[in-house]
1. Would you say residue 261 is assigned to a helix (DSSP H, G or I), over 27 Å from residue 22 (Cα atoms) and in contact with a helix residue (DSSP H, G or I) (Cβ under 9 Å, 6 or more places away or on another chain)?
2. When you check residue 163 against the structure, is it closer than 22 Å to residue 22 by Cβ and out of contact with any strand residue (DSSP E or B) (no Cβ under 8 Å at 6 or more places or on another chain), yes or no?
3. Failed condition for residue 92, given (1) closer than 23 Å to residue 216 by Cβ; (2) within 23 Å of the chain's Cα centre (by Cα), with all others met?
4. Among the residues of the range 51-71, is there at least one that is buried (at least 20 other Cβ atoms within 10 Å of the Cβ), at pLDDT 80 or above and farther than 30 Å from residue 103 by Cβ?
5. State whether the residues of the range 385-395 include one that is in a loop (DSSP other than H, G, I, E, B), modelled with pLDDT of 85 or more, in contact with a helix residue (DSSP H, G or I) (Cβ under 8 Å, 6 or more places away or on another chain) and crowded, with 20+ Cβ neighbours inside 10 Å.
6. Take the residues in the range 255-279 that are more than 17 Å from residue 335 (Cβ to Cβ) and within 14 Å of the chain's Cα centre (by Cα), then tell me which one is surrounded by the most Cβ atoms within 10 Å (Cβ to Cβ).
7. Six or more apart or on different chains, Cβ atoms under 6 Å: show the pairs whose first residue is in the range 82-103 and in contact (Cβ under 8 Å) with a residue 24 or more places away in the chain and whose second is part of a helix (DSSP H, G or I) and surrounded by fewer than 17 Cβ atoms within 10 Å (Cβ to Cβ).
8. Would you call residue 164 under 18 Å from residue 29 (Cβ atoms), in contact with a helix residue (DSSP H, G or I) (Cβ under 7 Å, 6 or more places away or on another chain) and either surrounded by fewer than 17 Cβ atoms within 10 Å (Cβ to Cβ) or at pLDDT 95 or above (or both)?
(Lines give C-alpha, C1' and ligand atoms only; values in the text may rest on other atoms or scores of the structure.)
Protein backbone atom coordinates (compact mmCIF):
# COMPACT_ATOMS: atom_id res chain seq x y z
CA UNK A 1 0.00 0.00 0.00
CA UNK A 2 1.23 3.48 -0.78
CA UNK A 3 2.50 5.61 2.07
CA UNK A 4 -0.43 7.83 3.09
CA UNK A 5 1.85 10.14 5.07
CA UNK A 6 3.74 11.33 1.98
CA UNK A 7 2.91 12.69 -1.47
CA UNK A 8 -0.12 14.48 -2.89
CA UNK A 9 -3.02 14.50 -0.43
CA UNK A 10 -5.63 14.69 -3.19
CA UNK A 11 -4.10 11.84 -5.18
CA UNK A 12 -3.71 9.63 -2.12
CA UNK A 13 -7.32 10.26 -1.05
CA UNK A 14 -8.71 9.49 -4.50
CA UNK A 15 -6.71 6.29 -5.01
CA UNK A 16 -7.28 5.02 -1.49
CA UNK A 17 -11.04 5.56 -1.63
CA UNK A 18 -11.55 3.52 -4.84
CA UNK A 19 -11.76 0.05 -3.17
CA UNK A 20 -14.20 1.42 -0.60
CA UNK A 21 -16.26 2.94 -3.41
CA UNK A 22 -16.51 -0.35 -5.29
CA UNK A 23 -17.53 -2.13 -2.11
CA UNK A 24 -20.18 0.46 -1.26
CA UNK A 25 -21.57 0.50 -4.79
CA UNK A 26 -21.81 -3.29 -4.80
CA UNK A 27 -23.52 -3.17 -1.42
CA UNK A 28 -26.05 -0.64 -2.72
CA UNK A 29 -26.57 -2.73 -5.86
CA UNK A 30 -27.12 -5.77 -3.66
CA UNK A 31 -29.79 -3.93 -1.69
CA UNK A 32 -31.38 -2.22 -4.71
CA UNK A 33 -31.63 -5.10 -7.17
CA UNK A 34 -34.45 -6.78 -5.30
CA UNK A 35 -36.41 -3.53 -5.09
CA UNK A 36 -36.10 -2.86 -8.83
CA UNK A 37 -37.07 -6.41 -9.82
CA UNK A 38 -39.94 -6.56 -7.31
CA UNK A 39 -41.29 -3.21 -8.49
CA UNK A 40 -41.14 -4.13 -12.18
CA UNK A 41 -42.46 -7.70 -11.93
CA UNK A 42 -44.63 -7.72 -8.80
CA UNK A 43 -45.93 -4.13 -8.72
CA UNK A 44 -46.05 -1.23 -6.31
CA UNK A 45 -47.76 -3.14 -3.48
CA UNK A 46 -44.93 -5.67 -3.34
CA UNK A 47 -42.37 -2.84 -3.58
CA UNK A 48 -44.15 -1.06 -0.72
CA UNK A 49 -44.00 -4.26 1.37
CA UNK A 50 -40.23 -4.54 0.85
CA UNK A 51 -39.87 -0.84 1.66
CA UNK A 52 -41.84 -1.16 4.91
CA UNK A 53 -39.79 -4.20 5.92
CA UNK A 54 -36.36 -2.76 5.08
CA UNK A 55 -35.86 -0.52 8.18
CA UNK A 56 -36.69 -3.44 10.47
CA UNK A 57 -34.30 -5.68 8.53
CA UNK A 58 -31.51 -3.07 8.72
CA UNK A 59 -31.81 -2.72 12.51
CA UNK A 60 -31.69 -6.49 13.02
CA UNK A 61 -28.75 -6.85 10.65
CA UNK A 62 -26.69 -4.20 12.37
CA UNK A 63 -27.44 -5.49 15.85
CA UNK A 64 -26.32 -8.92 14.69
CA UNK A 65 -23.07 -7.92 12.95
CA UNK A 66 -22.13 -5.19 15.42
CA UNK A 67 -19.67 -7.54 17.12
CA UNK A 68 -17.59 -7.59 13.92
CA UNK A 69 -16.68 -3.93 14.44
CA UNK A 70 -14.57 -4.71 17.48
CA UNK A 71 -13.37 -8.02 16.06
CA UNK A 72 -11.72 -6.37 13.05
CA UNK A 73 -9.87 -3.89 15.28
CA UNK A 74 -8.50 -6.59 17.59
CA UNK A 75 -7.55 -8.96 14.77
CA UNK A 76 -5.63 -6.13 13.09
CA UNK A 77 -3.84 -5.41 16.37
CA UNK A 78 -2.90 -9.05 17.05
CA UNK A 79 -1.96 -9.80 13.45
CA UNK A 80 0.25 -6.72 13.27
CA UNK A 81 1.98 -7.84 16.47
CA UNK A 82 2.57 -11.31 15.02
CA UNK A 83 0.44 -13.01 17.69
CA UNK A 84 -1.32 -15.66 15.58
CA UNK A 85 -2.71 -17.49 18.62
CA UNK A 86 -4.53 -14.35 19.78
CA UNK A 87 -5.91 -13.91 16.26
CA UNK A 88 -7.43 -17.40 16.44
CA UNK A 89 -8.80 -16.81 19.95
CA UNK A 90 -10.46 -13.57 18.89
CA UNK A 91 -11.93 -15.20 15.79
CA UNK A 92 -13.23 -18.13 17.86
CA UNK A 93 -14.71 -15.78 20.48
CA UNK A 94 -16.44 -13.60 17.92
CA UNK A 95 -17.77 -16.60 16.00
CA UNK A 96 -19.33 -18.34 18.99
CA UNK A 97 -20.60 -15.22 20.78
CA UNK A 98 -21.96 -13.75 17.56
CA UNK A 99 -23.64 -17.00 16.56
CA UNK A 100 -25.39 -17.31 19.94
CA UNK A 101 -26.55 -13.71 19.77
CA UNK A 102 -27.75 -14.12 16.17
CA UNK A 103 -29.83 -17.20 17.01
CA UNK A 104 -31.42 -15.51 20.04
CA UNK A 105 -32.08 -12.31 18.09
CA UNK A 106 -33.60 -14.19 15.15
CA UNK A 107 -35.88 -16.24 17.41
CA UNK A 108 -37.14 -13.13 19.20
CA UNK A 109 -37.59 -11.17 15.96
CA UNK A 110 -39.75 -13.89 14.39
CA UNK A 111 -42.36 -13.37 17.10
CA UNK A 112 -42.14 -9.57 16.93
CA UNK A 113 -42.51 -9.08 13.17
CA UNK A 114 -46.21 -8.23 13.11
CA UNK A 115 -46.12 -5.96 16.21
CA UNK A 116 -43.16 -4.06 14.70
CA UNK A 117 -45.00 -3.61 11.39
CA UNK A 118 -48.09 -2.30 13.16
CA UNK A 119 -45.93 -0.07 15.38
CA UNK A 120 -44.74 1.84 12.31
CA UNK A 121 -48.34 2.04 10.98
CA UNK A 122 -47.87 -0.28 8.01
CA UNK A 123 -51.10 -0.41 5.94
CA UNK A 124 -53.03 -3.64 6.47
CA UNK A 125 -53.04 -4.44 2.74
CA UNK A 126 -49.24 -4.92 2.63
CA UNK A 127 -48.68 -6.42 6.10
CA UNK A 128 -48.92 -10.07 4.93
CA UNK A 129 -46.31 -9.55 2.19
CA UNK A 130 -43.99 -7.55 4.46
CA UNK A 131 -44.30 -10.26 7.12
CA UNK A 132 -43.51 -13.05 4.64
CA UNK A 133 -40.46 -11.17 3.38
CA UNK A 134 -39.12 -10.56 6.90
CA UNK A 135 -39.65 -14.16 8.06
CA UNK A 136 -37.43 -15.48 5.28
CA UNK A 137 -34.79 -12.75 5.74
CA UNK A 138 -34.67 -13.31 9.51
CA UNK A 139 -34.31 -17.06 9.04
CA UNK A 140 -31.21 -16.35 6.95
CA UNK A 141 -29.59 -13.82 9.28
CA UNK A 142 -27.03 -16.40 10.37
CA UNK A 143 -25.54 -16.37 6.85
CA UNK A 144 -25.28 -12.59 6.92
CA UNK A 145 -23.48 -12.81 10.26
CA UNK A 146 -20.95 -15.37 9.02
CA UNK A 147 -20.21 -13.38 5.85
CA UNK A 148 -19.69 -10.11 7.72
CA UNK A 149 -17.47 -11.75 10.33
CA UNK A 150 -15.31 -13.61 7.84
CA UNK A 151 -15.02 -10.72 5.37
CA UNK A 152 -14.16 -8.20 8.09
CA UNK A 153 -11.54 -10.63 9.43
CA UNK A 154 -9.94 -10.88 5.98
CA UNK A 155 -9.88 -7.09 5.66
CA UNK A 156 -8.34 -6.84 9.11
CA UNK A 157 -5.26 -8.76 7.92
CA UNK A 158 -4.97 -6.65 4.78
CA UNK A 159 -6.94 -8.78 2.30
CA UNK A 160 -9.63 -6.46 0.92
CA UNK A 161 -9.85 -7.87 -2.61
CA UNK A 162 -11.29 -11.31 -1.88
CA UNK A 163 -14.26 -10.03 0.21
CA UNK A 164 -14.94 -7.56 -2.62
CA UNK A 165 -14.86 -10.39 -5.18
CA UNK A 166 -17.17 -12.55 -3.06
CA UNK A 167 -19.58 -9.64 -2.66
CA UNK A 168 -19.58 -9.12 -6.44
CA UNK A 169 -20.35 -12.80 -7.08
CA UNK A 170 -23.06 -12.79 -4.41
CA UNK A 171 -24.60 -9.65 -5.89
CA UNK A 172 -24.64 -11.17 -9.39
CA UNK A 173 -26.25 -14.35 -8.04
CA UNK A 174 -28.85 -12.33 -6.12
CA UNK A 175 -29.86 -10.40 -9.24
CA UNK A 176 -29.99 -13.54 -11.39
CA UNK A 177 -32.06 -15.51 -8.88
CA UNK A 178 -34.41 -12.57 -8.31
CA UNK A 179 -35.05 -12.36 -12.05
CA UNK A 180 -35.92 -16.06 -12.10
CA UNK A 181 -37.92 -16.35 -8.87
CA UNK A 182 -39.73 -13.00 -9.04
CA UNK A 183 -39.89 -12.54 -12.82
CA UNK A 184 -40.34 -16.06 -14.20
CA UNK A 185 -41.90 -17.93 -11.27
CA UNK A 186 -43.92 -14.94 -9.99
CA UNK A 187 -42.99 -15.56 -6.36
CA UNK A 188 -43.19 -11.85 -5.45
CA UNK A 189 -41.51 -10.74 -2.21
CA UNK A 190 -40.83 -14.34 -1.19
CA UNK A 191 -38.73 -14.81 -4.32
CA UNK A 192 -36.74 -11.67 -3.52
CA UNK A 193 -36.16 -12.83 0.06
CA UNK A 194 -35.09 -16.35 -0.95
CA UNK A 195 -32.68 -14.86 -3.51
CA UNK A 196 -31.07 -12.69 -0.84
CA UNK A 197 -30.68 -15.53 1.67
CA UNK A 198 -29.31 -18.02 -0.87
CA UNK A 199 -26.80 -15.50 -2.26
CA UNK A 200 -25.62 -14.73 1.27
CA UNK A 201 -25.20 -18.46 1.97
CA UNK A 202 -23.09 -18.81 -1.19
CA UNK A 203 -20.89 -15.87 -0.13
CA UNK A 204 -20.28 -17.64 3.19
CA UNK A 205 -19.24 -20.84 1.40
CA UNK A 206 -16.84 -18.84 -0.78
CA UNK A 207 -15.28 -17.19 2.29
CA UNK A 208 -14.94 -20.49 4.16
CA UNK A 209 -13.43 -22.24 1.14
CA UNK A 210 -10.92 -19.46 0.59
CA UNK A 211 -9.91 -19.31 4.26
CA UNK A 212 -9.31 -23.06 4.52
CA UNK A 213 -7.22 -23.04 1.33
CA UNK A 214 -5.28 -19.78 1.65
CA UNK A 215 -5.54 -18.27 5.18
CA UNK A 216 -4.08 -20.67 7.76
CA UNK A 217 -4.21 -18.08 10.56
CA UNK A 218 -8.03 -18.47 10.66
CA UNK A 219 -8.03 -22.26 10.56
CA UNK A 220 -8.94 -24.12 13.71
CA UNK A 221 -10.67 -27.34 14.70
CA UNK A 222 -14.21 -27.39 16.08
CA UNK A 223 -12.97 -28.59 19.47
CA UNK A 224 -10.78 -25.49 19.68
CA UNK A 225 -13.81 -23.18 19.51
CA UNK A 226 -14.29 -21.32 22.79
CA UNK A 227 -15.18 -17.90 24.15
CA UNK A 228 -12.40 -15.91 25.78
CA UNK A 229 -14.31 -13.64 28.17
CA UNK A 230 -11.52 -11.07 28.35
CA UNK A 231 -11.38 -10.78 24.56
CA UNK A 232 -15.17 -10.62 24.40
CA UNK A 233 -15.16 -7.65 26.79
CA UNK A 234 -12.54 -5.88 24.66
CA UNK A 235 -14.52 -6.62 21.49
CA UNK A 236 -17.70 -5.18 22.96
CA UNK A 237 -15.85 -2.12 24.25
CA UNK A 238 -14.44 -1.36 20.82
CA UNK A 239 -17.83 -1.79 19.17
CA UNK A 240 -20.10 -0.14 21.70
CA UNK A 241 -19.99 3.55 20.70
CA UNK A 242 -20.19 2.85 16.98
CA UNK A 243 -22.93 0.30 17.61
CA UNK A 244 -24.96 2.82 19.62
CA UNK A 245 -24.52 5.42 16.87
CA UNK A 246 -25.59 3.10 14.07
CA UNK A 247 -28.47 1.62 16.04
CA UNK A 248 -29.71 5.12 16.85
CA UNK A 249 -29.47 6.00 13.16
CA UNK A 250 -31.44 2.97 12.00
CA UNK A 251 -34.07 3.39 14.68
CA UNK A 252 -34.48 6.92 13.36
CA UNK A 253 -34.94 5.52 9.85
CA UNK A 254 -37.54 3.09 11.19
CA UNK A 255 -39.45 5.87 12.94
CA UNK A 256 -39.28 7.98 9.77
CA UNK A 257 -40.79 5.07 7.87
CA UNK A 258 -43.65 5.27 10.36
CA UNK A 259 -44.33 8.84 9.21
CA UNK A 260 -44.56 7.70 5.57
CA UNK A 261 -46.68 4.57 6.03
CA UNK A 262 -49.99 6.33 6.85
CA UNK A 263 -49.78 8.06 3.44
CA UNK A 264 -50.64 4.79 1.71
CA UNK A 265 -49.17 2.22 -0.68
CA UNK A 266 -48.19 4.72 -3.39
CA UNK A 267 -46.12 6.81 -0.98
CA UNK A 268 -44.50 3.74 0.62
CA UNK A 269 -43.57 2.31 -2.79
CA UNK A 270 -42.14 5.67 -3.87
CA UNK A 271 -40.21 6.04 -0.62
CA UNK A 272 -38.74 2.56 -1.00
CA UNK A 273 -37.43 3.55 -4.44
CA UNK A 274 -36.01 6.95 -3.49
CA UNK A 275 -34.15 5.62 -0.47
CA UNK A 276 -32.35 3.16 -2.76
CA UNK A 277 -31.48 6.00 -5.17
CA UNK A 278 -30.21 8.11 -2.27
CA UNK A 279 -28.03 5.19 -1.19
CA UNK A 280 -26.28 5.05 -4.56
CA UNK A 281 -25.72 8.80 -4.64
CA UNK A 282 -24.29 8.92 -1.12
CA UNK A 283 -22.03 5.87 -1.61
CA UNK A 284 -19.04 7.93 -2.89
CA UNK A 285 -19.18 10.31 0.10
CA UNK A 286 -19.37 7.31 2.44
CA UNK A 287 -16.32 5.85 0.70
CA UNK A 288 -14.40 9.09 1.05
CA UNK A 289 -15.27 9.14 4.75
CA UNK A 290 -13.90 5.61 5.23
CA UNK A 291 -10.71 6.53 3.39
CA UNK A 292 -10.39 9.74 5.40
CA UNK A 293 -10.68 7.80 8.68
CA UNK A 294 -7.59 5.75 7.87
CA UNK A 295 -5.77 8.72 6.28
CA UNK A 296 -6.36 10.83 9.40
CA UNK A 297 -5.30 8.06 11.78
CA UNK A 298 -2.07 7.36 9.90
CA UNK A 299 -1.04 11.00 9.55
CA UNK A 300 -1.95 11.82 13.13
CA UNK A 301 0.24 8.95 14.25
CA UNK A 302 3.03 10.35 12.12
CA UNK A 303 2.58 13.78 13.74
CA UNK A 304 1.63 15.46 10.44
CA UNK A 305 -1.11 17.86 11.51
CA UNK A 306 -1.05 19.83 8.25
CA UNK A 307 -1.84 16.67 6.25
CA UNK A 308 -4.62 15.78 8.70
CA UNK A 309 -6.33 19.10 8.07
CA UNK A 310 -5.60 18.95 4.35
CA UNK A 311 -7.16 15.50 4.18
CA UNK A 312 -10.44 16.80 5.58
CA UNK A 313 -10.52 19.75 3.17
CA UNK A 314 -9.68 17.54 0.20
CA UNK A 315 -12.37 15.03 1.14
CA UNK A 316 -14.97 17.80 1.23
CA UNK A 317 -13.77 19.22 -2.10
CA UNK A 318 -13.80 15.83 -3.83
CA UNK A 319 -17.23 15.03 -2.40
CA UNK A 320 -18.61 18.38 -3.55
CA UNK A 321 -17.12 17.92 -7.03
CA UNK A 322 -19.06 14.67 -7.30
CA UNK A 323 -22.31 15.74 -5.63
CA UNK A 324 -22.95 18.95 -7.58
CA UNK A 325 -23.21 17.44 -11.10
CA UNK A 326 -25.06 14.41 -9.70
CA UNK A 327 -27.57 16.73 -8.03
CA UNK A 328 -28.28 18.43 -11.37
CA UNK A 329 -28.68 15.04 -13.07
CA UNK A 330 -31.08 13.75 -10.41
CA UNK A 331 -33.17 16.92 -10.54
CA UNK A 332 -33.71 16.71 -14.30
CA UNK A 333 -33.90 12.91 -14.53
CA UNK A 334 -36.06 12.26 -11.45
CA UNK A 335 -38.91 10.74 -13.45
CA UNK A 336 -36.57 8.49 -15.42
CA UNK A 337 -34.92 7.21 -12.24
CA UNK A 338 -38.29 6.37 -10.71
CA UNK A 339 -39.28 4.44 -13.86
CA UNK A 340 -36.64 1.80 -13.02
CA UNK A 341 -38.67 0.84 -9.96
CA UNK A 342 -42.28 1.37 -10.99
CA UNK A 343 -44.47 0.61 -13.99
CA UNK A 344 -45.57 3.44 -16.35
CA UNK A 345 -49.22 3.30 -15.29
CA UNK A 346 -48.41 3.66 -11.59
CA UNK A 347 -48.49 7.41 -12.12
CA UNK A 348 -49.24 8.53 -8.57
CA UNK A 349 -46.29 6.67 -7.05
CA UNK A 350 -44.04 7.86 -9.88
CA UNK A 351 -45.04 11.49 -9.27
CA UNK A 352 -44.53 11.24 -5.50
CA UNK A 353 -41.06 9.77 -5.93
CA UNK A 354 -40.04 12.31 -8.58
CA UNK A 355 -41.18 15.15 -6.32
CA UNK A 356 -39.05 13.85 -3.48
CA UNK A 357 -35.96 13.46 -5.69
CA UNK A 358 -36.27 17.00 -7.08
CA UNK A 359 -36.41 18.33 -3.52
CA UNK A 360 -33.55 16.14 -2.25
CA UNK A 361 -31.33 17.11 -5.21
CA UNK A 362 -31.11 20.59 -3.70
CA UNK A 363 -29.33 19.22 -0.63
CA UNK A 364 -26.95 16.50 -1.84
CA UNK A 365 -24.02 18.80 -1.09
CA UNK A 366 -24.57 18.43 2.67
CA UNK A 367 -23.33 14.79 2.88
CA UNK A 368 -20.07 15.77 1.18
CA UNK A 369 -19.39 17.97 4.20
CA UNK A 370 -20.90 16.07 7.10
CA UNK A 371 -19.64 12.62 6.01
CA UNK A 372 -16.13 14.07 5.73
CA UNK A 373 -16.40 15.39 9.27
CA UNK A 374 -17.56 11.94 10.40
CA UNK A 375 -14.56 10.24 8.80
CA UNK A 376 -12.21 12.89 10.21
CA UNK A 377 -13.36 12.50 13.81
CA UNK A 378 -13.40 8.69 13.56
CA UNK A 379 -9.76 8.90 12.46
CA UNK A 380 -8.99 10.94 15.59
CA UNK A 381 -10.73 8.37 17.75
CA UNK A 382 -13.42 10.89 18.69
CA UNK A 383 -16.40 8.61 18.36
CA UNK A 384 -18.17 10.70 20.99
CA UNK A 385 -18.36 13.55 18.47
CA UNK A 386 -19.69 11.36 15.66
CA UNK A 387 -22.27 9.92 18.07
CA UNK A 388 -23.25 13.41 19.22
CA UNK A 389 -23.79 14.53 15.62
CA UNK A 390 -26.08 11.58 14.97
CA UNK A 391 -28.01 12.13 18.20
CA UNK A 392 -28.63 15.73 17.13
CA UNK A 393 -29.76 15.13 13.55
CA UNK A 394 -32.09 12.14 13.98
CA UNK A 395 -34.62 13.74 16.40
CA UNK A 396 -34.66 16.89 14.25
CA UNK A 397 -35.59 15.08 11.05
CA UNK A 398 -38.05 12.75 12.79
CA UNK A 399 -39.94 15.47 14.70
CA UNK A 400 -40.17 17.70 11.63
CA UNK A 401 -41.36 14.78 9.49
CA UNK A 402 -44.20 13.87 11.87
CA UNK A 403 -45.26 17.50 12.05
CA UNK A 404 -45.18 18.21 8.31
CA UNK A 405 -45.70 15.01 6.28
CA UNK A 406 -49.45 14.83 6.86
CA UNK A 407 -49.88 18.39 5.55
CA UNK A 408 -47.30 18.58 2.73
CA UNK A 409 -46.82 14.97 1.63
CA UNK A 410 -43.79 12.73 1.33
CA UNK A 411 -41.59 15.24 -0.50
CA UNK A 412 -41.26 17.31 2.67
CA UNK A 413 -39.15 14.52 4.16
CA UNK A 414 -36.30 15.68 1.92
CA UNK A 415 -36.40 19.08 3.64
CA UNK A 416 -36.58 17.42 7.08
CA UNK A 417 -33.50 15.35 6.31
CA UNK A 418 -31.71 18.45 5.01
CA UNK A 419 -32.42 20.36 8.23
CA UNK A 420 -31.02 17.40 10.19
CA UNK A 421 -27.89 17.43 8.02
CA UNK A 422 -27.52 21.19 8.58
CA UNK A 423 -27.72 20.82 12.37
CA UNK A 424 -25.23 17.98 12.17
CA UNK A 425 -22.81 20.05 10.07
CA UNK A 426 -23.00 23.05 12.40
CA UNK A 427 -22.25 20.86 15.42
CA UNK A 428 -19.32 19.14 13.67
CA UNK A 429 -17.89 22.47 12.47
CA UNK A 430 -18.07 23.84 16.02
CA UNK A 431 -16.28 20.75 17.35
CA UNK A 432 -13.61 21.10 14.66
CA UNK A 433 -13.03 24.75 15.55
CA UNK A 434 -12.83 23.89 19.24
CA UNK A 435 -10.41 21.05 18.52
CA UNK A 436 -7.88 23.36 16.88
CA UNK A 437 -8.49 26.43 19.02
CA UNK A 438 -5.37 25.83 21.12
CA UNK A 439 -3.11 25.46 18.12
CA UNK A 440 -2.16 22.64 15.83
CA UNK A 441 -0.07 20.88 18.46
CA UNK A 442 -3.16 20.06 20.54
CA UNK A 443 -4.27 17.59 17.92
CA UNK A 444 -1.23 15.44 18.40
CA UNK A 445 -0.93 15.79 22.14
CA UNK A 446 -4.42 14.68 23.08
CA UNK A 447 -4.73 11.05 24.03
CA UNK A 448 -7.80 9.58 22.40
CA UNK A 449 -9.28 6.15 22.00
CA UNK A 450 -8.33 4.05 19.01
CA UNK A 451 -10.47 4.70 15.94
CA UNK A 452 -13.30 2.31 15.27
CA UNK A 453 -13.78 0.51 12.01
CA UNK A 454 -17.07 0.16 10.23
CA UNK A 455 -17.89 -2.84 8.04
CA UNK A 456 -20.41 -3.23 5.13
CA UNK A 457 -23.53 -5.15 5.79
CA UNK A 458 -25.50 -7.37 3.69
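1. Numbers: assigned to a helix (DSSP H, G or I): yes; over 27 Å from residue 22 (Cα atoms): yes; in contact with a helix residue (DSSP H, G or I) (Cβ under 9 Å, 6 or more places away or on another chain): yes.
Yes; evaluated as a whole, the condition is true for this residue.
2. Details: closer than 22 Å to residue 22 by Cβ: yes; out of contact with any strand residue (DSSP E or B) (no Cβ under 8 Å at 6 or more places or on another chain): yes.
It is true that residue 163 is closer than 22 Å to residue 22 by Cβ and out of contact with any strand residue (DSSP E or B) (no Cβ under 8 Å at 6 or more places or on another chain).
3. Condition (2) is where residue 92 drops out.
4. no
5. Looking for residues that are in a loop (DSSP other than H, G, I, E, B), modelled with pLDDT of 85 or more, in contact with a helix residue (DSSP H, G or I) (Cβ under 8 Å, 6 or more places away or on another chain) and crowded, with 20+ Cβ neighbours inside 10 Å, one finds none in the range 385-395, hence no.
6. 275
7. Final answer for the pair search is 84/217; 87/217.
8. Numbers: under 18 Å from residue 29 (Cβ atoms): yes; in contact with a helix residue (DSSP H, G or I) (Cβ under 7 Å, 6 or more places away or on another chain): yes; either surrounded by fewer than 17 Cβ atoms within 10 Å (Cβ to Cβ) or at pLDDT 95 or above (or both): no.
Here the answer is no, as residue 164 does not meet what is asked.
The values are calculated or read from the model by the stated rules, or taken from the named source; none is laboratory data. Since the model is a prediction, treat every value here as computed from it, not as a measurement. Glycine gets a Cβ as well: all are built from the backbone with ideal geometry, and neighbour counts include every protein chain shown.
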